Amino acid sequence: RWIGPHTGRHQVAEKNLRLALPSLAPEERKHILLGMWDNLGRTLGELAHLAEFDCYGADGRVQVVGVEHLDRFRDDGVGGIAFSAHLGWWDLTALALNQRGMDAQMIYRAENNPLVGARLLKARSPAGTYLPKGAGTARDMVAGLKAGRHYGLLLDQKMNDGIPLPFFGRKAMTAPAAALFAVRDKTPLLPVRCERLGGAHFRVTFYPLIDAVVTGNRTNDVAATACKLNDILEDWVRERPEQWLWIHHRWPDD
């Protein structure tokens, strides 16, 4: 909360917030951005304690809602993709998957600094296996889904070679992979989000599986399905704007 507002990333976040929610008053924007920095600082501190969290324990730190959707996703005998966003403490979504016997592999963007990246991977190891984005991982994912494995993706970041689709009413370069798998291979898509309820207390919610748009025109169907996913993420961010990472370059003109 003290350092973040004095960085260049704060200017990016402020511009993004103006683009996405232009009707906000200055004080509302300030409140959201300070909340974002507070949440980010907490997640960095909490990451060192990830192994101590039990998403299904009785200590009350984590509430899990919609576990029946997760169980259906886990037990349907086919591979699948769980998707989320950089909301709340997003590492808890991975932990909640794996502590329910999912053994999902998380796809992530490798850090620019390999030393920082190695520390983060070590801290996240209690939540399962993390695979860096890239051509090799994409090939492994294709084979893994066919073999019945499950993967986790965060879909809210800009993908330069993605497709421009609406997000908060503006075209945003969107990763189409999850939608493509759903349309082409009928891969189940499981929405999951984490909300910070106050301090180190959270709610992880699993939602019903998403039906892909299938009309026979694959290009249009992938775009329409990806739009559905963007709409879900947008709704989540609108509900908890102070818990989303506004510091990403999400739109082409930010």
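The set of residues in the stretch 143-160 being surrounded by fewer than 13 Cβ atoms within 10 Å (Cβ to Cβ) and modelled with pLDDT under 95 consists of N160 alone.
Checked against (1) more than 24 Å from A110 (Cα to Cα); (2) not polar (S, T, N, Q); (3) not in a helix (DSSP H, G or I), I232 passes all but condition (3).
The set of residues from the stretch 41-56 being buried (at least 17 other Cβ atoms within 10 Å of the Cβ) and out of contact with any Lys or Arg (no Cβ under 9 Å at 6 or more places or on another chain) comprises just one member, E46. Kindly check whether there is at least one residue in the stretch 60-68 that is of a type outside the set (V, I, T) and modelled with pLDDT under 95. Yes, the conditions are met somewhere in the stretch 60-68. Residues in the stretch 68-90 that are open to solvent by less than 40 Å² (accessible area, probe 1.4 Å) and closer than 12 Å to V192 by Cβ: 11 in all. Say whether the condition of being polar (S, T, N, Q) and in contact (Cβ under 8 Å) with a residue 12 or more places away in the chain is met by at least one residue in the stretch 169-182. Looking for residues that are polar (S, T, N, Q) and in contact (Cβ under 8 Å) with a residue 12 or more places away in the chain, one finds at least one in the stretch 169-182, hence yes.
When the stretch 162-185 is filtered for residues that are touching a Pro at 6+ places or on another chain (Cβ under 8 Å) and crowded, with 20+ Cβ neighbours inside 10 Å, the ones remaining, listed by number, are A172, T174, A182.
Going through (1) surrounded by 14 or more Cβ atoms within 10 Å (Cβ to Cβ); (2) within 30 Å of T187 (Cα to Cα); (3) in contact with a Lys or Arg (Cβ under 8 Å, 6 or more places away or on another chain) one by one, R29 falls short only on (2). Close contacts from the stretch 21-40, counting a first residue that is closer than 20 Å to E234 by Cα and a second that is open to solvent by less than 40 Å² (accessible area, probe 1.4 Å) and assigned to a helix (DSSP H, G or I), with Cβ to Cβ under 6 Å and a gap of 6+ residues or different chains, come to R29/L17; I32/P241; L33/A13; W37/G4; N39/Q243. Pick from the stretch 175-206 the residues that are assigned to a strand (DSSP E or B) and out of contact with any Lys or Arg (no Cβ under 8 Å at 6 or more places or on another chain): which of them is farthest from D59 (Cα to Cα)? Selected residue: L189. For the stretch 190-242, a tally of residues being of a type in the set (S, T, N, Q) and surrounded by 13 or more Cβ atoms within 10 Å (Cβ to Cβ) returns 3.
For the stretch 99-111, the criterion of a residue being surrounded by fewer than 17 Cβ atoms within 10 Å (Cβ to Cβ), among the hydrophobic types (A, V, I, L, M, F, W, C) and under 30 Å from L17 (Cα atoms) is satisfied by at least one position.
The values are calculated or read from the model by the stated rules, or taken from the named source; none is laboratory data. In this text, all values refer to a predicted model and were calculated from it rather than measured experimentally. Every residue, glycine as well, gets a Cβ built from its backbone with ideal geometry; the counts of neighbours run over all protein chains shown. Side chains are part of the model used for accessible areas, which takes the heavy atoms of the whole protein and leaves out ligands, DNA and RNA. Shrake-Rupley method; radii C 1.70, N 1.55, O 1.52, S 1.80 Å.
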